[in-house]
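These notes concern the structure reproduced below.
The values are calculated or read from the model by the stated rules, or taken from the named source; none is laboratory data. The shown structure was predicted, so the numbers you read here are calculated from the model rather than taken from an experiment. Ideal geometry is used to build each Cβ from the backbone, glycine not excepted, and the neighbour counts take in all protein chains shown.
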Amino acid sequence: MRSVKKILLIIVLVSVLSFSVDVYFYQTDIRDALSQFAMQEGITIIYSPSLTGFITIELYNTTIEKALDYMLLPLGYYWKKIDNIYFVGTANPNDPNFSLISNKYIIKLSYVTFENVSNALPNVLKNYIYPTASKNELLINAPPKIASQIAEIINLIDKKSHIAEIKIKLYEIDEEDLRKFGVEFSSNDETTTLKVSYNNNALQLSLDLMDTNLFAIISALISSGKAKILTNGTIFLKANESAKISAYTTIDFTLSNDKVIEKKLLNEIEISGTVFVDHVSLNLTARAEALSPSNKTIGLTFSNSLDLKYNKHYYIAGLSFETTNNIESGIPGLKDLPIIGNLFKTNEIKNNKKIIIISLEAKWAGDMK
């Protein structure tokens, strides 16, 4: 016992194995209660001097082990029996006597990693698990009851992962063209057939195609060349993983000398979530670049959670930005004449508001092998 000099030792010479234990304490210091309980039952209890707290308890016809649980667990203390000696201590891994109440367990992992388990555990349990040399194993060093809780959580998550196929499209559409089809952004006009909300140039509202004709509208605009697809990609998503897809949009803006130049801006979608047999719950983060009034690139970010049922289209109304078009007009034939042609033509700088819309469709893709 040299390694636990500071631990108090309660020794009772007569050891009686009892399965009918009565316990009664009222506002009693836990250390005094353990001493009295050891004397009463004829057992040996060694406890850490760091124990504090008071207990009030009344139990009849129970066992020694259950009585210890009722006495200790409300205060966050645990016990372990070694060679007929009951060791009692705190569940803090940094406690010098932690090894007396803890056990080490090697847990086999089949479909998840140590990082997956760590992410799934509450913070209060994370300090009891450790990686090993094998990625298919982890070590639990904890009191048996805590180890049992961790093992139950691992058993819940260590299963074949469902996989969902997520099709993502980013559309760039002129807001004026959408308005012609009755689609208004931040509109109070009750005559519009479809309203899509956005706020502060950020994504906000998801729309179900079953309730709108947005898909037909976008298809018509693409066919007529008034809308374009920035990206068309597919992501295979499984739990505990994330994936992203990126695209660039090109806008025109006017410099102080009225010169119009092009600028590429990034649009990026990152998704993660949980895959179920009938739907997928997504955490979606959209990042986009835009131009400030001073023509500096700024970043916009939006995050949202949404559920997608399989084989249905969903839309998220998106970021808006201004683009500049230099429109030339004049008298046909005369405006193209050399030297004097400029007298018969005009150049108009027109600003258009563009909308980025995200299309999402999820499909079941089976289980991870």
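Restricting attention to region 99-154, report how many residues are part of a helix (DSSP H, G or I) and either of a type in the set (K, R) or under 22 Å from the mean Cα position of the chain (by Cα) (or both). Explain how you work it out, then say what you get.
We begin by selecting, within region 99-154, every residue part of a helix (DSSP H, G or I); these are 99-100, 114-120, 123-126, 144-154.
From what is left, the residues that are either of a type in the set (K, R) or under 22 Å from the mean Cα position of the chain (by Cα) (or both) are 114-120, 123-126, 145, 150, 152-154.
Adding up the residues that qualify gives 16.
Condition first: at pLDDT 80 or above, loosely packed, with under 14 Cβ neighbours inside 10 Å and assigned to a loop (DSSP other than H, G, I, E, B). Now tell me which residues in region 193-234 satisfy that.
Residues satisfying the conditions are S224, G225.
Could you please give the count of residues in region 235-264 that are at positive phi and either at pLDDT 70 or above or surrounded by fewer than 16 Cβ atoms within 10 Å (Cβ to Cβ) (or both)?
As a first pass, look at region 235-264 and keep what is at positive phi: 240, 258.
Narrowing further to those that are either at pLDDT 70 or above or surrounded by fewer than 16 Cβ atoms within 10 Å (Cβ to Cβ) (or both): 258.
Residues flagged as at positive phi and either at pLDDT 70 or above or surrounded by fewer than 16 Cβ atoms within 10 Å (Cβ to Cβ) (or both) within region 235-264 amount to 1.
Regarding Y130, is this residue modelled with pLDDT of 95 or more and of a type outside the set (A, V, I, L, M)?
Numbers: modelled with pLDDT of 95 or more: yes; of a type outside the set (A, V, I, L, M): yes.
Spelling it out, Y130 is indeed modelled with pLDDT of 95 or more and of a type outside the set (A, V, I, L, M).
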